[in-house]
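Worksheet: one structure, shown below.
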Amino acid sequence: MPKITPYALLSSGNGQRDGHIKGNDYLQAATYPKAAFQVTSFEGVPAEWKEGQSFLLR
């Protein structure tokens, strides 16, 4: 099942950059306010990461 994330939560700590990324040049957040992510595999991850674990992408 995909993870749904509202773009309103996007914050890099730089308001000007965040506004630009959310604008029409990139994410078009006013038109598409949410992003859906579904990861099916990873490559090149540390060996201690186990299948089935949850990870927070920052």
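No lab work stands behind these numbers, since they all come straight from the coordinates. Computed from a prediction, not measured in an experiment: that's the story for all the values here. Reconstructed Cβ throughout: ideal geometry from the backbone, glycine too, with neighbour counts over all protein chains shown.
Couplings 3J(HN,Hα) of region 40-54, computed from phi: 9, 6, 10, 10, x, 8, x, 4, 6, 6, 10, 4, x, 6, 9 Hz, in residue order, whole Hz [Karplus 6.51 cos²θ - 1.76 cosθ + 1.60, θ = phi - 60°; x for Gly and Pro]. Ranking W49, Y7, A36 by how far each Cα lies toward the positive end of the dipole of the chain (charges on Cβ) leaves Y7 at the top. Each peptide among 7-15, 20-28, 45-53 gets the average number of other Cβ atoms lying within 10 Å of its residues, and from highest to lowest they stand as 20-28, 7-15, 45-53. With semi-axes √(5λ) of the Cα gyration tensor in Å defined as stated, name the option among (i) 19, 11, 10; (ii) 28, 14, 10; (iii) 18, 14, 9 computed from the structure displayed. Label (ii) holds the value from this structure.
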